[in-house]
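Worksheet: the structure to be examined is printed underneath.
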Amino acid sequence: MKRITGIFSFLAAMILWSAFAAGTATAAQLADLLRQRLSQEVRAAVSGDVELQNVRVLQGEELLSADGNYRIGSVALDGYTGMNRMNYRVELLEANRIPRSVLVEVRYEALIDVFITAHALPKGSALSESNFYPVRHRVSRLPVGAVTDKKDVIGKTLRINLSEGLVLKRDHFFIAGMVKRGQKVKVEIESGSVLIATRGILRTEGTVGSTVRVYCEASKKEIIGVLVAVDTVKVKV
C-alpha cells in the first residue's frame, strides 16, 4: 500500500512539473503555479529574504476555478496595501482566447538570522563561530534584544552563563563603556552652586549616561546619580 501511495505521489509531482515546464496548467494546478510565481516576484521586489505567507484572490476568482488550460503571462505589482502586503495583477492566457487577469493580495514575512548557542557557555566566555549557529527567523516575531549581525557576537564576552539552544541577545554581553558593580568611582554631589567631591562604590552596573546606585563613603548611604564618565557619578540634591 505504501508503495502504491508513493507511486501516485511521484506521478502527481511529475504532472505538476510538466505543467510548470510547459507554462500551462489546469485549474487544479494553477494555484500552486501562481504561488510559485508570486513567491519569485515578491523576492525580486523586496530586499532581503522573505517568506510567502498567504495569497488571496481579490478579483477574478472564477477564472481560477474554471476548467481549461492556462498559462501565466505577465505579473505586475499593483500597489502596496499595508505592512508586508502587496497586490499583483496576474495575466492568464488560454489558447485562442483574449487574455484575462486576476487581482491577488500577497502577504509575506521578512526573514533575518538570529544566533543560537551551540552548547552551554559560562560567564566570561569570548565567543567564536563554533559557539553558535544561525537560524532564519520572522522579523515580526523577533525576540526583544536578539542579535541579528554576526559581527556583534564574535569576540564579545558573556556577562552571564548561557545554556544550549538560547537566542543570543545584546544584554548577554559586556557593552563597551560598561562599568561593573563594585567599581570605585568619584562621586560629585551638586547642590545649587556648591559641589562636593567624595568617593563611592557602584551598587549597580551601568554605561556612561545611565542612572546608577552608588554607596557614598562620606554619608555611608546609597544614593542615585548619573554615570557621567567611567569613573565619575554626579548626584544632584
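The values are calculated or read from the model by the stated rules, or taken from the named source; none is laboratory data. Computed from a predicted model, the values in this text were never measured in an experiment. Cβ atoms come from the backbone with ideal geometry, glycine included; neighbour counts cover every protein chain shown.
A few remarks follow.
- Evaluation of residue 181 against (1) at pLDDT 85 or above; (2) over 29 Å from residue 171 (Cβ atoms); (3) surrounded by fewer than 14 Cβ atoms within 10 Å (Cβ to Cβ) (one fails), failing number: (2)
- Number of residues in the range 184-200 that are of a type outside the set (D, E, K, R) and surrounded by 16 or more Cβ atoms within 10 Å (Cβ to Cβ) equals 4.
- Count of residues meeting criterion [among the small types (Gly, Ala, Ser) and surrounded by fewer than 13 Cβ atoms within 10 Å (Cβ to Cβ)] in the range 43-60: 3
- Here residue 122 meets each of (1) under 30 Å from residue 84 (Cβ atoms); (2) touching a residue at least 12 places away in the same chain (Cβ under 8 Å); (3) not small (Gly, Ala, Ser) with one exception, condition (1).
- Restricting attention to the range 142-154 and to residues that are in contact with a Phe, Trp or Tyr (Cβ under 9 Å, 6 or more places away or on another chain) and in a helix (DSSP H, G or I), the residue that is modelled with the highest pLDDT turns out to be 150.
- Test: residue in the range 94-107 that is touching a residue at least 60 places away in the same chain (Cβ under 8 Å), within 26 Å of residue 48 (Cβ to Cβ) and either assigned by TED's automatic domain parsing to the domain that holds residue 57 or surrounded by 14 or more Cβ atoms within 10 Å (Cβ to Cβ) (or both): yes
- Enumeration of residues in the range 199-237 that are farther than 20 Å from residue 178 by Cα and in contact with an Asp or Glu (Cβ under 6 Å, 6 or more places away or on another chain): 236
- Unique residue being at pLDDT 85 or above and over 30 Å from residue 153 (Cβ atoms) when the list is 214, 194: 214
- Residue in the range 168-176 that is within 30 Å of residue 137 (Cα to Cα), surrounded by 13 or more Cβ atoms within 10 Å (Cβ to Cβ), at pLDDT 90 or above and touching a Ser or Thr at 6+ places or on another chain (Cβ under 8 Å) present: yes
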